[in-house]
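Novice: Sharing a structure here in C-alpha cells format.
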Amino acid sequence: MLKPGLKSDTQTVISIFMKHHVELAKANGVVVGMSGGLDSSVIAKLAVDALGPEKVLAVLMPETSTPEECMADAKAMAQEWGIEVLDINIKSMVDAISETLGCDNQGSKGNPDSPSFANKFAQSLGNIKSRSRMVILYHLAREKNLLVLGTSNKSEFLTGYFTKWGDGASDICLIGDLYKTQVRKLAGRIGLPEKIIQRVPSGDLWDGQTDEAELEIDYATLDRILLGIELGMADSDIVKNAEVSASQVAHVRKLVARSVHKRRLGLIPKMGARTIGQDWRESSLHQ
C-alpha cells in the first residue's frame, strides 16, 4: 500500500542541515516553542542532539485553553534534556489584541449562540494566539541571537493547516518535508516518550480542538493521499494504491489547492532583472 516511509539517515541529514545554517547565520543557537505535542517535542530533541542543550532555548507559552498536562510534559522533557526553559503566559497579550481588534466575544458581530459564530470566533482567536507566540519567539531570537525553529510538518503545510505568519513562520523548519506519520516514526527512533507519540494531535487553540476533526480526515489517510499527489499520480491510481475513496482524494486536493497562498511569500509583480519569489536565488555570497 502507498504510504510514506522514513529514510534511515533522516536524523543525520536534519542534524547536518541545522548545524550548517546555525553556523552560516553566526547564531548562538536556536529557540523553539514547546507545547508538549509531537512536532515541537521532536524538534526540541533533534536540536539538543545536534547542537547540545546549551544552544537550545525552549519556550512554553500557555494560555486559557492550554492543557496543564501538556505544559508539564513539555517542561519535564526540556529539563530531562538539559534545555533552558522560559514559561511565558500569553493570556494578557491575547486578550489585549482580541479586544483591540474587536475579536472578543462581546465585540464580535453576530449571534453568539450560533455554531457558525462560535467557529469563526474560535478560529480568529486561534490565529491571534498563534501569531502572539511567534512574536515572542522572534523577540527572544533577536535578543539572544538565536534562530527560530518551526514546528509545522509537510502534512500541515500542504493542506494549509497552519496560521500564516504564526506557527507557519520560522527561520528553519526541520520537519517541513516530513509528513505527520513520518514525524511520528522519527519520534520513536529518537526516543521520545510513548505518551507524546500517541497524544491526539491538537494545537490546543480552543477547548476540544483536534487536527483531524478540523481537517475532516485522519493523518494516516491524509498522508497516503498527499504522497500520491506528490508523486504525480492520477486520482484513480491514488484511490487504488492508497486504499482510499475518490471523495477523500477530492477533499485533500481541495485543501492543497485553496492553501497555495499560505505557502508563498507575498506576490511581487516582476519589474527587475531578478525578482524575489520568482528567479532570485539566495546564496551565502549575498550575505
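The values are calculated or read from the model by the stated rules, or taken from the named source; none is laboratory data. Computed from a predicted model, the values in this text were never measured in an experiment. Ideal geometry is used to build each Cβ from the backbone, glycine not excepted, and the neighbour counts take in all protein chains shown.
Novice: Given the criteria farther than 30 Å from residue 266 by Cβ and basic (Lys, Arg), does residue 184 qualify?
Specialist: On the way: farther than 30 Å from residue 266 by Cβ: yes; basic (Lys, Arg): yes.
Against the criterion (farther than 30 Å from residue 266 by Cβ and basic (Lys, Arg)), residue 184 qualifies.
Novice: Out of the helices (runs of 4 or more DSSP H) lying entirely within the stretch 173-282, which hold 3 or more residues that are farther than 25 Å from residue 33 by Cα?
Specialist: Values: elements: 180-189, 194-197, 211-215, 219-230, 235-242, 246-258.
Qualifying helices (runs of 4 or more DSSP H): 219-230, 235-242, 246-258.
Novice: Looking at the stretch 191-213 only, could you name the residues that are surrounded by 13 or more Cβ atoms within 10 Å (Cβ to Cβ) and under 15 Å from the mean Cα position of the chain (by Cα)?
Specialist: 201, 202, 203, 204, 205, 211, 212
Novice: Right, residue 145: on the phi > 0 side of the Ramachandran plot, modelled with pLDDT of 95 or more and in contact with a Gly (Cβ under 9 Å, 6 or more places away or on another chain) or not? Lay out the reasoning, then the answer.
Specialist: On the way: on the phi > 0 side of the Ramachandran plot: yes; modelled with pLDDT of 95 or more: yes; in contact with a Gly (Cβ under 9 Å, 6 or more places away or on another chain): yes.
So residue 145 passes the test.
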